[in-house]
Amino acid sequence: MSEDTLVLAGRSFRSRLIVGTGKYSSFPLMRDALEKSGAEIVTVAVRRVNISDRSRESLLDYIDPARYMLLPNTAGCYTAQDAVRTAHLGREAGLSDWVKLEVIGDEKTLFPDTQALLEATRVLVKDGFTVLPYTNDDPIVARKLQDAGAAAVMPLGAPIGSGIGIQNPANIRFIRECVSVPVIVDAGVGTASDASAAMELGCDGVLMNTAIACAQDPVRMAEAMQMAVCAGRLAFLAGRIPRKAFAAASSPSEGISR
């Protein structure tokens, strides 16, 4: 699998698991879980980073920049203008010119506002950002985001933090067929089998936070997720057998004397 890399905006990554940094009970626990996950990209909410006073303890103190690529996100933004402003703030603070773009349209479901998301994507791409937008599992929107210049599309598997797994696998498959940029399932994963299922659908990667951070043992769950993503990817590349309505003997009947 060493040559089967995830390529985003021309940059290659060995790991297809992207993990978040929120909701952990402590920064040391976060650090240990990140290490076990094998991830190379970690998301950081710009609004959680203390940009004005770097002398105070920060989650960035527990993330080795030589080991992980920071992916700032615009979590908590409800308008395109706010998301664009937040992305610029992260870049000016030296975090990155890559951004996981979130523009939330509903406070209860945390579903994206796709119209505002498209607007913000166009603006940020024009401003020189590498944009990875969190979107609905809508193939048409995914294609529009690609056309707007997104480096990948990141459809939700289920509502953020729900942990109920991929609810619309058919749509994820359609998205994979509709776009040529990487497809990364973002949100809804609850356990390792969900991550594996996403990869078996042909997704290029999985992004998660709550499933690891809020597990009873986040470090063990991080390791499980890393294994699941690898297993799902291998299964996809191997090609599953066709589903059949009836039994098929596993031993051939030819050559058996009766």
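The values are calculated or read from the model by the stated rules, or taken from the named source; none is laboratory data. All values reported here derive from a predicted model rather than from experimental measurement. Backbone-built Cβ (ideal geometry, glycine too); neighbour counts: all protein chains shown. Surface areas here come from the heavy atoms of the whole protein model, side chains and all, with no ligands, DNA or RNA. Shrake-Rupley method; radii C 1.70, N 1.55, O 1.52, S 1.80 Å.
Can you confirm whether Ala235 is over 29 Å from Ala75 (Cβ atoms), in a loop (DSSP other than H, G, I, E, B), aliphatic (A, V, I, L, M) and open to solvent by 10 Å² or more (accessible area, probe 1.4 Å)? So Ala235 does not fit the description; no. Restricting region 130-164 to residues that are of a type in the set (S, T, N, Q) and part of a strand (DSSP E or B) leaves a set whose member that is surrounded by the fewest Cβ atoms within 10 Å (Cβ to Cβ) is Thr130.
A single entry from Asp61, Asp82, Asp32 fulfils the requirement of being acidic (Asp, Glu) and under 21 Å from the mean Cα position of the chain (by Cα): Asp32.
Residues that are at pLDDT below 95 and open to solvent by 60 Å² or more (accessible area, probe 1.4 Å) do not occur anywhere in region 112-119.
Selection of strands (runs of 3 or more DSSP E) fully inside region 1-87 by the criterion of at least 3 residues being open to solvent by less than 20 Å² (accessible area, probe 1.4 Å) returns 17-20, 41-45, 69-73. Within region 100-111, the residues that satisfy the criterion of being crowded, with 16+ Cβ neighbours inside 10 Å and either of a type in the set (Lys, Arg) or closer than 16 Å to Gly20 by Cβ (or both) are Lys100, Leu101, Glu102, Ile104, Leu110.
One residue is enough: does region 24-45 have a residue meeting the conditions of a type outside the set (S, T, N, Q) and in contact with a Lys or Arg (Cβ under 6 Å, 6 or more places away or on another chain)?
Checked region 24-45: no residue is of a type outside the set (S, T, N, Q) and in contact with a Lys or Arg (Cβ under 6 Å, 6 or more places away or on another chain).
Figure legend. Inter-residue proximity from region 21-34: first residues under 12 Å from Ala211 (Cβ atoms), second residues open to solvent by 50 Å² or more (accessible area, probe 1.4 Å) and among the hydrophobic types (A, V, I, L, M, F, W, C), beta-carbon distance below 7 Å, spacing 6+ or different chains. Indicated pairs: Lys23/Cys214. Taking the criterion of being under 18 Å from the mean Cα position of the chain (by Cα) and polar (S, T, N, Q), the residues of region 110-145 that qualify are Thr114, Thr121, Thr130, Thr135, Asn136. For Asp97, the conditions (1) in contact with a helix residue (DSSP H, G or I) (Cβ under 7 Å, 6 or more places away or on another chain); (2) open to solvent by less than 60 Å² (accessible area, probe 1.4 Å) are fulfilled apart from (2). Taken over region 120-129, the criterion of being touching a residue at least 40 places away in the same chain (Cβ under 8 Å) and open to solvent by less than 30 Å² (accessible area, probe 1.4 Å) is satisfied by Ala120, Leu124, Phe129. Of the numbered criteria (1) over 13 Å from the mean Cα position of the chain (by Cα); (2) crowded, with 22+ Cβ neighbours inside 10 Å, the one Val185 fails is (1).
Of all residues in region 193-210, those satisfying the criterion of being open to solvent by less than 10 Å² (accessible area, probe 1.4 Å) and assigned to a helix (DSSP H, G or I) are Ala195, Ala198, Met199. If you go through region 165-182 and pick out every residue that is open to solvent by 40 Å² or more (accessible area, probe 1.4 Å) and closer than 20 Å to Val7 by Cβ, you end up with 4.
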